[in-house]
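Beneath this line is the structure, given in structure tokens, with notes to follow.
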Amino acid sequence: MSIDKRIVDDLVANDVSFVTTVPCKQLAGVIEEVDARPEIFHIPSNKEDEGMGLCAGAWMGGKRPAIIMQNTAIGVTINTLATLIQYYRMPLPMIISYRGELREPVACQVEMAVHTKALLNQMNIPTYHFHKESDAAELDAILKYTFMCNKPVAILTDASFWGGYGDQ
Amino acid sequence: MIRSEILREIAPILRDQLIVCNIGLPSQELHIIDDQPSNFYMLGTMGLSSSIGLGLALAQDKTVISIDGDGSVLTNLGTLPTIANNVANNFILLIIDNGSYGSTGDQPTYAGKLTKLEAVATACGCENVVTCQDVDTGKVLQAAIDSKQMTIIVSKCDSGNIKLPVITKDPVVIRDRFMTAVAS
């Protein structure tokens, strides 16, 4: 089974039924799979803080949400994470494409990569780094943990996890 | 009319619905005028009232009214295409458009100058966009609720504020009682 399917299977098995996404080349297969699943309402957002607002509303409405985004968006969403998701104590799994790590071809992506874990650490956001495909075996437990403690949780998936960019 | 006068007038309509209320003075005003468990007060995160309301409306069947301001909609302008393309017929976005950033000292917004939010919403693909004057807000809002069609209301009113205390309720308490109201 493809890694994209396995990730979305874990979402569905954990009753995640409202997923917002911002496009990403690495996560394109996951986004396509999310869109194809009848168990999930897929709502693309224009910016990640908007997406977190959608997720907050959906959760208060009784659905388990998730957001799929790039790590550059940590820079966009610090205020929303602090004053909405954390302040009102809401769960939010963030499946994040960790651009700017090993095998990255675009130098500018490294500029946010070097801040990503420091920012997440500063925000006291539990952070998991998927580097090898076998690391995804923990996703089920991470999702259960997120909805147990009502916190945002970051799952960083780097280029090695996705098998490079296909041009190397 | 200024925003607080509109809120006072429409409070009897709002109290039976789920309300997501914008940060700052709008929440403080609604909290003083008619505090209800079915009111979700935003204590931070300017711009996301419409996004939270849309997510809530898509997740369950009860009517949701997001009370927003022209300045906050401008902050999160990307919300309008998302609303237009994900129709929730139990969702109403009420933009109280006083042409100014009220909570920060009435600095003018672009909506108070050349930008017409009703035209932006229409261009984004929103189908039911109603522009009204402050005094007609209650009538237009009730019609939108009764229509069971997703509606964007732009209510034009005067700039101005009343002096109010900040909301000191714990955010988790606000959220928890709101979720109980949603689920009831």
Item to check | First in the stretch A:127-147 and in contact (Cβ under 8 Å) with a residue 40 or more places away in the chain and closer than 23 Å to A:Met90 by Cβ, second anywhere and of a type in the set (S, T, N, Q) and not in a strand (DSSP E or B), Cβ under 6 Å, 6 or more apart | outcome: A:Leu143/A:Asn14
Next on the checklist: Among the listed residues B:Ser103, B:Ser66, B:Ser51, identify the single one that is in contact with a helix residue (DSSP H, G or I) (Cβ under 8 Å, 6 or more places away or on another chain), among the polar types (S, T, N, Q) and not in a helix (DSSP H, G or I).
Outcome noted: B:Ser66
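Residue by residue, here is whether (1) in contact with a strand residue (DSSP E or B) (Cβ under 7 Å, 6 or more places away or on another chain); (2) over 25 Å from B:Ser50 (Cα atoms); (3) acidic (Asp, Glu) holds:
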site: A:Asn71; (1), (2), (3): yes, no, no
site: A:Ile95; (1), (2), (3): yes, no, no
site: A:Gln122; (1), (2), (3): no, yes, no
site: A:Ile125; (1), (2), (3): yes, yes, no
site: A:Glu138; (1), (2), (3): yes, yes, yes
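This table checks each residue for (1) in a helix (DSSP H, G or I); (2) at pLDDT below 95; (3) β-branched (Val, Ile, Thr); (4) buried (at least 18 other Cβ atoms within 10 Å of the Cβ).
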position: A:Leu102; (1), (2), (3), (4): no, yes, no, no
position: A:Asn124; (1), (2), (3), (4): no, no, no, no
position: A:Ser134; (1), (2), (3), (4): yes, no, no, no
position: A:Leu156; (1), (2), (3), (4): no, no, no, yes
Item to check | Matching entry among A:Thr72, A:Thr77 (being of a type in the set (S, T, N, Q), modelled with pLDDT of 95 or more and under 24 Å from B:Phe40 (Cβ atoms)) | outcome: A:Thr77
Checklist entry - Can you spot a residue in the stretch A:30-39 that is under 21 Å from B:Val87 (Cα atoms), within 14 Å of chain B (Cβ to nearest Cβ), surrounded by fewer than 24 Cβ atoms within 10 Å (Cβ to Cβ) and of a type in the set (A, V, I, L, M)? => result no
Checklist entry - Which of the following residues is more than 14 Å from every other protein chain (Cβ to nearest Cβ), more than 16 Å from the chain's Cα centre (by Cα), of a type in the set (Ser, Thr, Tyr) and under 27 Å from A:Leu84 (Cα atoms): B:Thr122, B:Thr168, B:Thr109? => result B:Thr109
Checklist entry - surrounded by 13 or more Cβ atoms within 10 Å (Cβ to Cβ) and either touching a residue at least 12 places away in the same chain (Cβ under 8 Å) or of a type in the set (Asp, Glu) (or both): does that describe B:Val129? => result yes
Next on the checklist: B:Ala88 - would you say it is in a loop (DSSP other than H, G, I, E, B), more than 20 Å from B:Ile6 (Cα to Cα) and touching a helix residue (DSSP H, G or I) at 6+ places or on another chain (Cβ under 7 Å)?
Outcome noted: yes
Checklist entry - So how many residues does the stretch A:50-78 have that are crowded, with 20+ Cβ neighbours inside 10 Å, of a type outside the set (S, T, N, Q) and more than 7 Å from chain B (Cβ to nearest Cβ)? => result 11
Checklist entry - For the subset of the stretch A:3-25 comprising residues that are exposed (fewer than 15 other Cβ atoms within 10 Å of the Cβ) and modelled with pLDDT under 95, which member is farthest from A:Gln109 (Cα to Cα)? => result A:Pro23
Next on the checklist: Please pick out the residue among A:Asn150, A:Asn121 that is among the polar types (S, T, N, Q) and touching a Pro at 6+ places or on another chain (Cβ under 7 Å).
Outcome noted: A:Asn150
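The values are calculated or read from the model by the stated rules, or taken from the named source; none is laboratory data. What you see is a predicted model; the values in this text were computed from it and never measured. Positions of Cβ are generated from backbone atoms using ideal geometry, with glycine treated the same way; all protein chains shown enter the neighbour counts.
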